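Undergrad: I'd like to ask some things about the structure below.
Bear in mind that the values in this text are calculations on the coordinates, not laboratory data. Not measured: the values here are computed from a predicted model. No Cβ is skipped: glycine too gets one built from the backbone with ideal geometry, and neighbour counts run over all protein chains shown.
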Amino acid sequence: MTTLVHDRPSAAAAPGLVDPFGRPITYVRLSVTDRCNFRCVYCMAEKMTFLPHAEVLRLEELDRLCSIFVGLGVKKIRLTGGEPLVRRGVMTLFQSLSRRLRSGELGELTLTTNGSQLARYAGELAACGVKRVNVSLDTLDPADFAAISRRGALAGVLEGVEAADRAGIKVKINAVAQKGLTENCAVPLIRWAHERGYDVTFIEVMPLGDVVGAWSQRFLPLAELRDVVSQRLTLLPTPYRSGGPARYWQVEETGGRVGFITPMTHSFCESCNRVRVTCSGRMYLCLGHEAAVDLGQALRASDDDAAVAAAIREAVTRKPKGHDFGARESGAPRGAARPISVTGG
């Protein structure tokens, strides 16, 4: 398989990225595709309208963009989607970025996936230096899984998780908490994951895209879920932090960790160190805000990396202090029109 080559000089001579609140920006979540083989109810509409292929950055362009970010001091890149592993030829991007790992310019390369393609790619990912992977898995019940994903098969995801484990990739399970479902499946999911050495993180569903209309029917505050879990498992406070927004608890009975990410009920923005870039090159400074800068246009307008780096620097000076997912006076949440699949969560 051909490996991308992008050895143009780095922009690293300049200082790193720092937002108006003194937070260093060292983490980029890069969507490589807006497409997915699932249609999870809290993420995508049943009938999605995807970007025209011409608007999606080529893998070579994504590689160039990553090189610019690394030159600006970014140390962690997470490839997302949609589902990143359905992008044709995506392993060439992993292979190219792995060179940045070996040189020490990049500290970590990872991905978030629905797990359906891991059985095919786990060995190659490990060879590229991917040491951790987040797998989205809300339930171990095949019927519930099919209803949530609309077209996914639980068995294929579990096979992928096992393949990642065998390849030496550390797995973390991400589960979106959903009213009427997660109260019953959380403890079995935690026990299953901890038996295999995986951490589990529960995430409050966010009002993004088409989910806004059904948000109140699906929303489960994680304080309530933690109370449900505490009735069957002993949760002990722990100072452990993964570098992300999750707050973790140690489970006495299993020895594993369970995390809670609470964008709706408790802001986690004070230590935000990330920006999100779509597959068309739009950089969003915050998941909960619509403000963005079109890096794709800047990339295609010129071969001058310095111009793109300048656009990134200018945009970071406008990064907001935090998201704005709070409720309006009407009781409805503030949200964003774009589906979560567009910016990769």
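Undergrad: Against the globular-protein guess of 2.2 N^0.38 Å, express the Cα radius of gyration of the range 220-313 as a ratio, rounded to two decimals.
TA: For the range 220-313, the normalised Cα radius of gyration is 1.57.
Undergrad: For the range 130-181, state the semi-axes of the equivalent ellipsoid (square roots of 5 times the eigenvalues of the alpha-carbon gyration tensor), sorted largest first and rounded to whole angstrom.
TA: The three semi-axes for the range 130-181 are 22, 13, 7 Å.
Undergrad: In this model, which of K75/K179; K76/K170; K75/K172; K76/K172 are farther than 28 Å apart at the alpha-carbon?
TA: Details: K75/K179 36 Å; K76/K170 16 Å; K75/K172 20 Å; K76/K172 17 Å.
Pairs exceeding 28 Å: K75/K179.
Undergrad: State the answer as a single residue: which of L65, G89, A153 lies farthest towards the positive end of the charge dipole of the chain, with beta carbon charges of +1 for Lys and Arg and -1 for Asp and Glu, about the Cα centre.
TA: Selected residue: L65.
Undergrad: At a threshold of 8 angstrom on Cα-Cα distance, excluding pairs fewer than six apart, so keeping six or more, what relative contact order does the range 1-148 reach in percent?
TA: Once divided by the residue count of the range 1-148, the mean separation gives 28 percent.
Undergrad: Between the range 136-162 and the range 218-256, what is the C-alpha centre distance in whole Å?
TA: Comparing the Cα centres of the range 136-162 and the range 218-256, I get a distance of 22 Å.
Undergrad: What is the range 130-282's relative contact order, in percent, from Cα pairs under 8 angstrom and six or more apart in sequence?
TA: Here the relative contact order equals 20 percent.
Undergrad: Take every Cα-Cα distance within the range 122-263, group them into 5 Å bins from 0 onward, and report for each bin the whole-number percent of pairs it holds.
TA: Over the range 122-263, the share of Cα pairs per 5 Å bin runs 2, 9, 19, 22, 20, 16, 9, 3, 0 percent.
Undergrad: Could I ask something else about it? Expressed as a whole percent, how much of the Cα-Cα distance distribution for the chain exceeds 34 Å?
TA: Counting pairs separated by more than 34 Å, the tail of P(r) holds 21 percent.
Undergrad: Could you calculate, for the range 15-115, the ratio of the Cα radius of gyration to the Kirkwood radius, expressed as Rg to Rh?
TA: 1.01
Undergrad: Still on this structure: Taking the alpha carbon gyration tensor of the range 135-215, what are the square roots of 5 times its eigenvalues, largest first, to the nearest whole Å?
TA: Values: eigenvalues 104, 38, 31 Å².
Semi-axis lengths for the range 135-215 are 23, 14, 13 Å.
Undergrad: How high is the relative contact order of the range 115-188, in percent, with contacts defined as C-alpha pairs under 8 Å that are six or more residues apart?
TA: Relative CO of the range 115-188 lands at 46 percent.
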